[in-house]
1. Could you work out the helix-only [θ] at 222 nm for chain B, with each DSSP H run of four or more residues adding -39,500 (n - 2.57) and the total divided by the number of residues, to the nearest 500 deg cm²/dmol?
2. Given a Förster radius of 25 Å and the C-beta distance between B:ILE11 and A:GLU229 as r, what FRET efficiency does 1/(1 + (r/R0)^6) yield to the nearest 0.05?
3. Can you give the charge dipole size of the stretch B:501-615 about its Cα centre, rounded to the nearest 20 debye, using +1 on the beta carbon of Lys and Arg and -1 on the beta carbon of Asp and Glu?
4. Roughly what would the spin-label model give for A:ARG315 and B:LYS405, points 7 Å off Cα along C-beta, in nm?
5. Given a Förster distance of 60 angstrom, what is the FRET efficiency for B:TYR108 paired with B:PHE521, based on the Cβ-Cβ distance and rounded to 0.05?
6. So how do B:PHE370, A:PHE142 line up by other beta-carbon neighbours within 10 Å, fewest first?
7. So how strong a dipole does the stretch B:97-199 carry about its Cα centre when Lys and Arg Cβ are +1 and Asp and Glu Cβ are -1, to the nearest 20 debye?
8. Excluding B:ASP409 itself, what net charge comes from residues whose Cβ is under 14 Å from its Cβ, given Lys and Arg +1 and Asp and Glu -1?
Amino acid sequence: MLDTGNKYKRSLKQSIDWVLVGIYLVLIVLGIVNIYAAIHSADGVSFFSFDGRSGKQLVWMGTSFFLAFMILFVISPRLWEPAAIPMYLAVLVLLVVVIFVSKDVKGSHSWFEFGPVKFQPAEISKITTSLMLAMVMSRPNFKLSRIKDFLTVCAVVGIPMLAILGESETGSALVYVGFIFALYREGLSGWFLVIIGMAIVLLIMTLTTGPYASILTLIALVSLIYSLEKNRFGKWLVTDAIFLLVMALFPTIWNSILNALIPGASLAMVTEDPSVKEAILCTTNLDFLLLFKPLYLLLAVIGIGVPIYAVKAYREAHPFTWYSLACVLAGVVLVFSTNILFEKVLQDHQRKRIEVLLGLKEDPAGVGYNVNQSMIAIGSGGLFGKGYLQGTQTAYGFVPEQSTDFIFCTVGEEWGFAGCLLIIMLYVALIWRILHDAEDCRESFTRIYGYCVACCIFMHLFINVGMTIGLMPVIGIPLPLLSYGGSSLWAFTILIFIFLALYRQEKKYF
Amino acid sequence: MALERHHKLLIGLGVAAAILLGKLFVIQILDDKYKTDAANNSMVYDVIYPTRGIIYDRNGEIIVGNKVAYDIIVSPREVKPFDTLALAKALNVDPDIIRSKMEYYRKYRSRIGYQAQTLLKQVSPEDYMKFAEIQYKFPGFKGQMRTIRDYPINAGGNLLGYVSEVDQAFLKKHEGEYRSGDYAGKTGIEAARENDLRGVKGYHVYLRDSHNQIQTSYNNGELDKEAIPGKDIVTTIDAHLQEYGQQLMKNKVGSVVAIEPKTGEILAMVSSPGIDVSQLADIGQHYADILKDPYKPMFNRTVMASYPPGSVFKLVNGLIGLQEGVLSPSDRYPCSRGFPYGNGHKLGCHGHASPLALLDAIATSCNGYFCYVFRNILENKKYSSIQESFDKWREYVLSFGFGQKLGSDFPSELGGNIPTSNFYNKRYGRKGWKFQTIISLSIGQGEIGVTPLQIANMCATVANRGYYIVPHIIKDSEGVKIDDIYHQRHYTMVDTTHFQKAVQGMYMAVNGGGAAGGTAFSARVEGLDICGKTGTAQNPRGADNSVFICFAPKDDPKIAVAAYVENAGFGATWASPIASLMIEKYLKGEISSPARKDVEKRVMDGNLMSRVKKD
């Protein structure tokens, strides 16, 4: 509770990071202003009317301030650490229960409904998981490099993530991937980031250009890193790079050989009409050549290369060679399971969104509609935008979900590049400020929690803005503090103000 | 270390922000595309679709016309609660269809937004009128007029082809020419003359206000553009002959192709089983069923199927023999139920008088005789090796239009296959083959494949005594000029004089008068002077294929027909009556004599489907 009479205590002005609070306030206000712009013509209500979303958001803002006040001044910051485990478990139960009791909203099962009040446990789960992670990792003797501790951390992040995936809220689950940055700060090997980055590259390449190119890229990357690690870059350039180049050209060469030997061979390989195929193949007895695919050669190279390097690794007792080999094999498995992952694990609408993003399918009227319209809205803003309430795209309702997930369109259209720059800089300042304060802390609990908060905000920012400008697939998660919606606003308020309270507690005494 | 990582993360944050800002910079400032798109968004282009050109037959009858139908469009956001039953009754559909559609729109309302959705397709004008009277009760619903294809005569789905909405693959192939939602001819005549038939789209330009309501015509219609209707097409098809051919081929698998020899104009082109015209207008709805049909109705056998030609090919070998000087019309060869070719092998033949000269050999379709002919061609002393003489033979065969695409204006034509000497070199080795190895080619069996269109073209070539004009289906008409290649004569490498012998043999096959009797008496029609040649081609998948080619009248051929019926047995049983009935119908306009009427009835009632192996 409120401490009094300590002579080391600093004033309110000094102990609270007012810069952070200021950025928070500016973002919320900008949010409400833009929500009104997004809905003003469709709903036809006044700014402050509680029938409209801007009015409602004002109410949410008021309640958020109340929550912020309670967290800063009423609830003891010391409570958060011991409360982490029970809160984490309670939210976990809610996350699972909601799958079974909730209504189907656009295919996901993530909302509790009590009459007019709705709330999404996934929003709170970000807070409890951050607290739990901070609690676990700030224990004395905790070391990420120890297997047991590492697995504990994986479980703390992974279990709520799986539950949220079970609710079909892929977007919210993706946010949890961001915790890896906090873990990196606390000593997780940088190779994890490299491997995750590589896996993403492989997935995208397999879907866009096929397994041949992605396996070749895999070999190229691993061999390059391997040679850099062993200081053999020069040798890599001479041998490996040339080999890779030849392999890269091989499919084209093979294709022209085939076409030279069998007229119409490429048609025969792609056609689905058996009579056409027959017509082409009846002129030749070389049709067995069609059975060979360049990919087989690549797999043969791996099949021969991996054992050779395994022997080398064994002789040199060099663990890095083992790791590299494991990476290659895991990569090949990933490439061949990509299609299964893509076809079986993802839901129909998610698959389509990714296909549209990667340009595999064009569908401006269907799935691509949202992204296309959103990019038109933002792109038409130009440098300074069309002016407040002058936007046509958002006002005409071309952009769906304009006050929630696509609020950034309104910013882009009405305030232009300048407005976007301002908003993104505000977020960067917010995150930077949190990281700065976190580094300032003596207690690792506060520091780790601060990093978790920053990661959550960063992931929301990058995914949401990325989605509106066609950098990310359409994943429905809100823009923190800016998007319309009470539960999101509350969640980010609590998330940020718990950190402020923890930070203040330290500042008061030191 | 810790400090370092802290800084690395800050750098990462900067990079991520730079990526977002970079992309924003590109789409907001560098790229103009999104600005023009935004203009398109507030100006509404209301497309006016042109009416598609009409397709006429050679006698001026409409075979494909247009009729009006209505699509019922709904803007889900404008819909107020309504009486589903009344709407369903007016539109003459099951209320559940409307209910499930509305449920779907409700479920995906955020994705649909303000976009209009198609509730029902191709509602008839009668039903639409009933709906229009009470339309005011159903805000958000409206009708959109569309013209769809109408088929007054059943002239065959494979021949006419269908028109359907363009898909992604099609858009990619014709980049810039079509837009999503357009219709295009996909097969048959519709595809062959798509560029003439489609016309040019027009549009009205409207402005939208801030509530997404269409306000006014933009600048008093300054930018509006009228649609230009598609051009009409006159085909070479005789609609009634085509329809008759389809009736004859009902419940049989195969093709009938009829050509006017002098002009190369295709009079009829029947692929059976085919797509019924009743399915064409709304092909999308039937597409799955059509694809599932084991008899592959989508497969246009007339131009795509590659069959061994069978005995009709003996004419070609005979003509080559005459031209090469290794056969003289008076040469007689013995045949005692076949041609022995070593090791006790014998290529069998049916019983007939022996020995025979050329005309009788054609008339009786003697296998043994043509083995001698083919042997003479291949063992010609003029050539140093069998390879050389074989390739010479192949050159002759190709000059009849076999072994390559004829170059017809009908889409998706295939070329069949005539092997080269290399093919046999590879299979048997250079020294490993001789005449006996490929003896089946004497009688049109073995490794050769020809399309029914090519067989008909060969028949027309014989009728013309030595030349053909590439078969085609479009005639010159006002506004549509066909390519000059459809007026040019292609001469074979065989002299005109030799063709007289082939014609005479074909005449005797049908009308008798020779020493040994003909194989095709069943094709005889009093007063028509039909010349014909039967064929029976082995089919590895069941009973033999029945083949018949004929033309008439003998001295001034007006029509040449090839009939190819799968698994129907001897040529004279099915193919010959079908082809001769086609000729009679075309030349006389009707089947008059009672005897011929009986033949017609037997053919039309015949059902050979059970003989055909399904996949």
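Values quoted throughout were computed directly from the atomic coordinates according to the rules given, and no laboratory measurement underlies them. Here the structure is a predicted model, which means the values were calculated and not measured. Positions of Cβ are backbone-derived with ideal geometry, glycine not excepted, and every protein chain shown enters the neighbour counts.
1. Details: 23 runs with 221 residues, N = 615.
It lands at -10500 deg cm²/dmol.
2. Details: r = 22 Å, r/R0 = 0.88.
It comes out at approximately 0.70.
3. Working: 15 positive and 12 negative charges, 43 e Å.
Result for the stretch B:501-615 is approximately 200 debye, rounded to the nearest 20.
4. With each label placed 7 Å out from Cα toward Cβ, I get 5.9 nm.
5. Numbers: r = 69 Å, r/R0 = 1.15.
Efficiency, from the Cβ-Cβ distance: 0.30.
6. On the way: B:PHE370 31, A:PHE142 17.
By the 10 Å Cβ count, ascending: A:PHE142, B:PHE370.
7. Numbers: 18 positive and 13 negative charges, 138 e Å.
The dipole magnitude comes to about 660 debye.
8. Numbers: positive: B:ARG193, B:LYS405, B:LYS475, B:LYS481; negative: B:GLU190, B:GLU194, B:ASP196, B:GLU265, B:GLU413, B:ASP476, B:ASP483, B:ASP484.
That works out to -4.
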